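> Handing you a structure now.
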Amino acid sequence: MNNRGEWSSKLGFILAASGSAIGLGNIWRFPYITGSNGGGAFVLIYLLCVFIVAFPVMIVELTIGRKAKRNPVGAFKAIAPNSKWWIIGAMGVMAGFGILSYYSVVAGWTIAYIVKGVTGGLTASHLDPAAIFNSFASNGFLQIFYLFLFSALTVFVVIGGVKNGIEKAAKILLPLLFVLMLLLIGYVLTLPGAMDGLKFYLVPDFSKVNSHTILMAMGQAFFSLSLGMGAMITYGSYLPDDDDLFSSALYVTFFDTLIAILAGFIIFPALGGAPTKAGPSLVFVVLVDVFRKIPFGGVIAVVFFVLMAIAALTSTVSLLEVVTSYLIDEKGISRKKAAIGAGIVIALLGIPSALSLGANKFFTKIGFLDKMDFVFGNIFLTFGGLMMCLFVAYKWGLECFFEHLSEGCDHVGKPHFNRWLQIAIYFICPLAIAILLLYILLTGETLG
Ligand code: PFF
């Protein structure tokens, strides 16, 4: 197992894992869900879900990964041999395939929008952003081209390996993302109407809150923190035994949440109030419309989509790494072959999603991309999270779990800390996730 690779430092891990968490979920999904769920009140509930439910699950995943030093399938096999718990890991690998296939389609749009921005085909005043989006979305050739381009970028980084590929990319890209975001925030806050946008975003209006809002917030927290499919098991498997997992989990959760909140600080002031139409097109249509009308809008638009592409790439890399690490550990395939092979299969699997936005009647009618998001981005993730908590609580055993967690973690052994984590893993997380799952299954709701 020694040649699996390891992060070069704690900072390297924190940046790579934050890179996995920070993605389209923060910059594309979070603002439009906030927009359609009442603004400030949703933000508050989201924060509660992140720290009460999602954070303990993050600790669970990292601990399983570091203990077993394996991919999600191998991890369950190593900790619970001769049992069927490895199926949870196998579902995680499948979720990696599924999510990456449609996620790369949307990620490809960011590259297309950078190209359009640079060539002047995006923000010229005579252009209609909705028409641009629709004609692009229904162009099958371009959809597949950008899907393949983004998949190739992802494969390229993953071939580089843990230290020289994933960690290095995150070390360069994440600080860049942060600086670009701060620059954009500084700019949009000077726009007329910025304060109205901020008011919508920050002043909670609880009259809009109902059970649906809470469940949306939970689904978003899971997706955003890359939980439930073993991405954090995989990243945790490259951590040394003396790492303080509690602080690592806390940093990653904090950075992911910070970036989502900052994304809101870009989008709502730019919109100048409550969004009129808050759906998946918020960023690609509504925000582009804003960019058309403001000074330097063309440049700002390019910067914004570069930022989104960066965030997406560090996430697609983690999704592919789950599949790649499985093929390396369990099937003995070399990293290069595993990454390229999986990348090709995933890109091909993405074709129906790429064609489901107007290019092909059949896939458009069934809403293939949305269906993939529903099955893999919602059901698989929440079910995986639930099973991981149950695994620790009832199979591995909290005692063994705490014993491993305590290596390198000063907090473990302190009664308050142990009690809180026990209650979270035994009751709060499984119960909250089970309710969410039931809700999704009963209503067929696509969270996000
Ligand atoms: N967390 C990523 C985002 O917010 O865009 C999406 C994601 C990445 C989900 C990796 C799941 C995962 F394993």
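> Mind checking which lysines have their Cα closer than 24 Å to the Cα of Lys336? Skip sequence neighbours fewer than 8 apart in that chain.
Once the sequence-local lysines are set aside, what remains near Lys336 is Lys69, Lys163, Lys168, Lys171.
> Under a 1.4 Å probe, what is the accessible area of the chain per residue, stated in Å²?
It amounts to 38 Å² per residue over the chain.
> Okay, next question. Would you rank Tyr326, Tyr251 by solvent-accessible area, highest first, keeping every protein chain in place and using a 1.4 Å probe?
Largest accessible area first, the residues go Tyr251, Tyr326.
> On the first, second and third principal axes, largest extent first, how far apart are the outermost C-alpha atoms of the stretch 109-158 in Å?
Rounded to whole Å, the extents work out to 41, 21, 12 Å.
> With all protein chains present and a 1.4 Å probe, how do Glu61, Glu399 order by accessible area, largest first?
Descending accessible area places them as Glu399, Glu61.
> Have a look at Trp109, Trp420, Val303 and report the one farthest towards the positive end of the charge dipole of the chain, computed about the Cα centre with Cβ charges (Lys/Arg +1, Asp/Glu -1).
It is Trp109.
> Okay, next question. Could you tell me what fraction of 2.2 N^0.38 Å the Cα radius of gyration of the stretch 1-138 comes to, as a two-decimal ratio?
For the stretch 1-138, the normalised Cα radius of gyration comes out at 1.42.
> With unit charges on the beta carbons (Lys and Arg positive, Asp and Glu negative) and the dipole taken about the Cα centre of the stretch 137-265, which residue among Thr257, Ala170, Ala137 sits farthest to the positive side?
The listed residue farthest towards the positive side: Ala137.
> Another question, if that's okay. Just from the alpha-carbon atoms, what are the Rg and Dmax of the chain in angstroms?
That works out to 20.9, 65 Å for Rg and Dmax.
> Same structure again: Grab the other residues whose beta carbon is less than 14 angstrom from that of Thr314, score K and R as +1, D and E as -1, and report the net.
Residues near Thr314 contribute -1 overall.
> Please give the charge dipole size of the stretch 146-238, origin at the Cα centre, charges +1 on K and R Cβ atoms and -1 on D and E Cβ atoms. Round to the nearest 20 debye.
With Lys and Arg at +1 and Asp and Glu at -1, about 200 debye.
> Quick one: net charge of Ala231's neighbours, Cβ under 9 Å, K/R +1, D/E -1?
-2
> Same structure again: Against the longest principal axis of the chain, how steep is helix 86-118, in degrees 0 to 90 to the nearest 10, with axes from Cα atoms?
It is inclined by approximately 20 degrees.
> Which of Val155, Val43, Val375 moves the most in a Gaussian network model of the chain with Cα springs under 10 Å?
Its mean-square fluctuation being the largest, the pick is Val375.
> Rg to Rh for the stretch 217-288: what is it, with Cα atoms only and Rh by Kirkwood?
Rg divided by Rh gives 1.12.
> Where the accessible area of the chain is counted over protein heavy atoms with a 1.4 Å probe, how much of it, in %, is carbon and sulfur?
Taking all protein chains in place, the chain shows 68 percent carbon and sulfur surface.
> At 1.4 Å probe size, with no ligands or nucleic acids counted, give the accessible surface of Val286 in Å², nearest ten.
Solvent-accessible area, nearest 10 Å²: 30 Å².
> Tell me the accessible surface of Ser247 in square angstrom (1.4 angstrom probe, heavy atoms of protein chains only), to the nearest ten.
30
> Around Gly358, with a cut-off of 14 angstrom between Cβ atoms, what is the net charge of the other residues, counting Lys and Arg +1 and Asp and Glu -1?
My count for the surroundings of Gly358 gives +1.
> Also: Ordering Arg70, Arg4 from largest to smallest accessible area (1.4 angstrom probe), what's the sequence?
Sorted by accessible area, descending: Arg70, Arg4.
The values are calculated or read from the model by the stated rules, or taken from the named source; none is laboratory data. Keep in mind that this is a model prediction, so the values were computed, not measured. Reconstructed Cβ throughout: ideal geometry from the backbone, glycine too, with neighbour counts over all protein chains shown. Remember, those area values only see protein heavy atoms, side chains included, never the ligands or the DNA or RNA. Shrake-Rupley method; radii C 1.70, N 1.55, O 1.52, S 1.80 Å.
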